[in-house]
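Heads up, the thing below is written out as structure tokens.
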Amino acid sequence: MIEPKILAFACAGAFLGAVVLSPTAFQAAKPKKQVAPSQPSYASAVAPIVNKYCITCHSGDRAPLGIVLTGYPDAASVLKNRELWSRITKNVASGHMPPNEMPSPSKAQREAMVKWLDLTLTGDCKLIDPGHVTMRRLNRREYDNTIRDLIGLDLKLAEDFPSDDVGYGFDNIGDVLSISPLLMEKFLKAAEEIANKAVQVTDSRPMHFDSESLKVTQGVSISEQSQVFFFSDGQAYTDQYLTMGGDYRFKIEACGQQAGPEPAKMAILIDNKPVQTFDVKAVEKHPEIYEATLQLDPGKHRIALAFTNDYYRPGPPAQDRNLIVRSMDIYKPALKASAMSDIHKRIVFETPVGGDWQSSAKRILVKFAKRAFRRPPTADETSRLMKIAEYVHKDGQPFEKSIQLCVQAVLSSPQFLFRVEKSDSSQNLDGYELASRLSYFLWGSMPDDELFQLAASGDLQKPAVLKAQVRRMLKDPKSASLGDNFAEEWLNLRKLALINPDPAQFPDFDEKLRAAMMKETKMFFDGIVGNDRSIIDFLNAKYTYINGQLAKHYGIPGVDGDEFRKVSLVGTPRCGVLTQGSVLTLTSNPTRTSPVKRGKWVLEQILNTPPPPPPPNVGVLPDDGKQMAAATLRQKMEQHRKDPSCASCHKKMDPLGFSLENFDATGAWRSKDGDVPIDSSGVLPDGTKFQGAPELTAILVKKKADFVRSMSEKLLTYALGRGVESSDKCSVDQIASVCEANGYRFSALVDAVVTSDPFRKKRVIGGKGK
């Protein structure tokens, strides 16, 4: 559509030309006049196709999957339901809709419709909307990794946390990472445990023991006055684990019922060996304190008090010597610098000089909070921490105790538990925000010192520096996080732990084989990342990593033992991830293969074109433990596809799944299912015929642009912690294009993601979409 101003300007120009130019000149200029080609519109490119080829099915209450395409008279109505029309665009572009047996638009009509929808739903690629990212809580793995890198303790406390919810296929999506009361309780408990283990404290308060906390043997009882009464030879004891060695000071309040030629005697025993004996001359009305300093080693000890000189003489008058202990206090040794752990020294890197403890505390807390919050703390945050330290100091606690409680407070703060990005008027992330996005993307953990330095200087925002950091970080062992987090969720590997093939049908499957399958796929992924290979290897690599057990399962000779090694798959029907045991097992049922699950997996994980959920009350094939012949399975599936509500999706899924039928429910090769030869042929919706996994792989490689775009979307989703939206289409296209131009190398894909606008920028307040 030509803008009114442009039309007016053109008309004015034509009028002036007619007045000024002579007829000859006018005729000479005429051939140069160009008429702008008409641009496709909703009325010309979309409405006719929808009305002619779609409305027949997609209208009324019985519309397949509830997709009703009436009520869309213009472009504005389309934009109100972007997600639906984005799905429609994909299905029309791929040829999946309308179904093959239904009348279809011409190629030109299809291309015009897709072009208009792409432009309309995406908008102007020059006006990039980086999208909104919800403030993201650290998920369980990120929490454990961050504690490891922040504190130096690999405690794996998050294994006891509730499971993280999953969104868009990943468990690091901000919109689903909520905090329940139970999780908050776990966070607080973990913070206390971590702080106590990290910061060592000499507690000026003693360990106090009395009649309620001491255990007693024969010859000892608890009196009515709640005192420990030794009426014969016996012991009162406690078992303690001492975290440090040194001089422990004992203060025991005791007295005796005196009789005979000597006073009552009391001994301190350590691990049943007497180390100190006292003459207890005090009497009941005037108990006294008996003190001793003993050198004790760290570790578990039994600390006991014993009455060693029982005396009794019958009367009259009777004489009976007894010992009474009211309490025992044990003071811990002073903390020496030589006894401090490296973790303690890294946090408490200085001690107060003179009475100026505040200056030391502030420097310690600012440094720790900066690393924990992944940015410098604000003046208000520092002030709040200092108030905690002051409160502890006024209570008479040691300096280290104030730091310990402040560390606990930091680890309980939303600034630590969440990845927070400022909501300001700047569209660009600041250096610290960018460093956090990068480190949690590639390492699943907090930035290291080098990233912090680049963030502070502002150099990290330079594309060349950003790419250099990508290379460094991918070579770091912490990049294994991509395999542990991204790969496991992208390929659905975590579901493998829930799959239990029927032991009667698959007796060779055990926990060692399950673990070997998982390790094969993760080593395969790590090999592509670590060696910076082409991501097309995920589809067609003729190599893998296996041990003896997995080699036997695959029928590959020459591999023995438990050690994994890289082997060639040349001459075998296996290649890439599609034919690895992990994927084939997790996409099967316990008693048989599932072409639907396998086809759905290819659509979702490889092509990123997931089918919609099945309609309600749709029939399912039985999986009751009875063997189903391959021929019967195909017949059942073909019958299932005759249902119009099922046909469109199953025509996409089933051929992909049947191409993998030569692999049984645990990924072992077979040529027959029982006595019936395997038929692994298939026909794609566009009419392409193929036979088996190798030919399917060849088709996927031929159409690798679809896989590269799928991989770009999934990696961007994981990196951002949010779902990819229609406004991200230009960025995804650019990422895929950069990856292709650089030989599909994994590092090129990561480079393109981290230098993209959605990764480096944020939606500003009042910006697009607000």
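The values are calculated or read from the model by the stated rules, or taken from the named source; none is laboratory data. Here the structure is a predicted model, which is why all the values come from computation and not from measurement. Here the Cβ is made from the backbone with ideal geometry for all residues, glycine too, and neighbour counts use every protein chain on show. Just so you know, the surface numbers come from the protein's heavy atoms only, side chains and all, with ligands and any DNA or RNA stripped out. Shrake-Rupley method; radii C 1.70, N 1.55, O 1.52, S 1.80 Å.
Scan the strands (runs of 3 or more DSSP E) fully inside segment 260-309 and keep the ones with 1 or more residues being under 17 Å from H208 (Cα atoms) and open to solvent by 60 Å² or more (accessible area, probe 1.4 Å).
The strands (runs of 3 or more DSSP E) meeting that bar are 288-296, 299-307.
Yes or no: N500 polar (S, T, N, Q) and surrounded by fewer than 17 Cβ atoms within 10 Å (Cβ to Cβ)?
yes
Residue by residue, here is whether (1) of a type in the set (F, W, Y); (2) open to solvent by 40 Å² or more (accessible area, probe 1.4 Å); (3) modelled with pLDDT under 80 holds:
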{"residue": "Q39", "(1), (2), (3)": "no, yes, yes"}
{"residue": "V46", "(1), (2), (3)": "no, no, no"}
{"residue": "I49", "(1), (2), (3)": "no, no, no"}
{"residue": "V68", "(1), (2), (3)": "no, yes, no"}
{"residue": "L79", "(1), (2), (3)": "no, yes, no"}
{"residue": "I128", "(1), (2), (3)": "no, yes, yes"}
{"residue": "R136", "(1), (2), (3)": "no, no, no"}
{"residue": "R141", "(1), (2), (3)": "no, yes, no"}
{"residue": "D144", "(1), (2), (3)": "no, no, no"}
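Condition test on N91, is it under 30 Å from L700 (Cα atoms), modelled with pLDDT under 80 and part of a loop (DSSP other than H, G, I, E, B)?
no
Take R471 and tell me if it is within 30 Å of L188 (Cα to Cα) and charged (D, E, K, R). Talk me through it step by step, then tell me what you get.
Values: within 30 Å of L188 (Cα to Cα): no; charged (D, E, K, R): yes.
Criteria not met by R471.
Exactly one condition in (1) open to solvent by 20 Å² or more (accessible area, probe 1.4 Å); (2) of a type outside the set (A, V, I, L, M, F, W, C); (3) in contact with an Asp or Glu (Cβ under 9 Å, 6 or more places away or on another chain) is not met by D459; state its number.
All conditions are met except number (3).
Would you be able to say whether some residue in segment 563-577 is modelled with pLDDT of 95 or more and assigned to a helix (DSSP H, G or I)?
No, the conditions are met nowhere in segment 563-577.
If I go through segment 411-442 residue by residue, how many of them are under 23 Å from K197 (Cβ atoms) and in contact (Cβ under 8 Å) with a residue 12 or more places away in the chain?
6
For segment 531-555, give me each residue that is open to solvent by less than 60 Å² (accessible area, probe 1.4 Å) and more than 18 Å from V583 (Cα to Cα).
D532, S534, G548
Does A748 fit the bill of being aliphatic (A, V, I, L, M) and under 26 Å from P463 (Cβ atoms)?
Here the answer is yes, as A748 does meet what is asked.
Every residue in segment 129-151 that is in contact (Cβ under 8 Å) with a residue 24 or more places away in the chain, of a type outside the set (S, T, Y) and under 16 Å from V410 (Cα atoms), please.
R137, L138, I147, R148, D149, L150, I151, listed by residue number.
Scan segment 584-596 and give yes if some residue there is farther than 15 Å from E661 by Cα and open to solvent by less than 10 Å² (accessible area, probe 1.4 Å), otherwise no.
So far as segment 584-596 goes, no, none of its residues is farther than 15 Å from E661 by Cα and open to solvent by less than 10 Å² (accessible area, probe 1.4 Å).
Just name the residue that is modelled with the lowest pLDDT out of those in segment 231-252 that are under 56 Å from the mean Cα position of the chain (by Cα) and open to solvent by 50 Å² or more (accessible area, probe 1.4 Å). Quick ask: steps written out before the conclusion?
Filtering segment 231-252 for residues under 56 Å from the mean Cα position of the chain (by Cα) gives 235-252.
In the following step, the residues that additionally are open to solvent by 50 Å² or more (accessible area, probe 1.4 Å) were identified as 239, 241, 243, 247, 249, 251.
Values: D239: 94, Y241: 82, T243: 73, D247: 90, R249: 94, K251: 97.
It comes out as T243.
With respect to N51, determine if the residue is closer than 16 Å to S726 by Cβ and outside any loop (DSSP other than H, G, I, E, B).
Judged against the criteria, N51 is not a match.
Are there any pairs with C-beta distances below 8 angstrom linking a residue in segment 396-407 that is more than 12 Å from L365 (Cα to Cα) to a residue that is at pLDDT 90 or above and open to solvent by less than 30 Å² (accessible area, probe 1.4 Å), with the two at least 6 apart or on different chains, and if so which?
Final answer for the pair search is F399/W357; F399/S360; F399/A361; K401/V392.
Hey, among D430, D459, D449, D424, which residue is more than 19 Å from the chain's Cα centre (by Cα) and within 20 Å of E142 (Cβ to Cβ)?
The unique qualifying residue is D449.
With the structure loaded, tell me whether H132 is modelled with pLDDT under 85 and open to solvent by 50 Å² or more (accessible area, probe 1.4 Å) or whether it fails that test.
Considered against the rule, which asks whether it is modelled with pLDDT under 85 and open to solvent by 50 Å² or more (accessible area, probe 1.4 Å), H132 comes out as yes.
If you take just the helices (runs of 4 or more DSSP H) that sit entirely in segment 351-454, which of them hold at least 1 residues that are open to solvent by 30 Å² or more (accessible area, probe 1.4 Å) and either charged (D, E, K, R) or within 20 Å of F187 (Cα to Cα) (or both)?
357-373, 379-394, 399-411, 414-417
Out of everything in segment 183-216 that is farther than 30 Å from V325 by Cβ and without any contact (Cβ under 8 Å) to a residue 12 or more places away in the chain, what residue ends up being surrounded by the fewest Cβ atoms within 10 Å (Cβ to Cβ)? If you could, list the steps in order and put the result at the bottom.
Within segment 183-216, the subset farther than 30 Å from V325 by Cβ is 183-200.
The next check asks that each one be without any contact (Cβ under 8 Å) to a residue 12 or more places away in the chain; those that pass are 184-185, 189.
On the way: M184: 12, E185: 10, K189: 13.
Ranking the qualifying residues of segment 183-216, first place goes to E185.
Go through segment 96-153 and give me each residue that's part of a loop (DSSP other than H, G, I, E, B), among the polar types (S, T, N, Q) and either in contact with a Cys (Cβ under 9 Å, 6 or more places away or on another chain) or within 30 Å of F187 (Cβ to Cβ) (or both).
Kept after step one, since they are part of a loop (DSSP other than H, G, I, E, B), are these residues of segment 96-153: 96-106, 123-135, 138-139, 152-153.
Pick out the ones that are also among the polar types (S, T, N, Q) and you get 100, 104, 106, 134, 139.
Across segment 96-153, the qualifying residues are T134, N139.
Tell me which residues, restricted to segment 146-176, are of a type in the set (A, V, I, L, M), touching a strand residue (DSSP E or B) at 6+ places or on another chain (Cβ under 7 Å) and open to solvent by 30 Å² or more (accessible area, probe 1.4 Å).
V176
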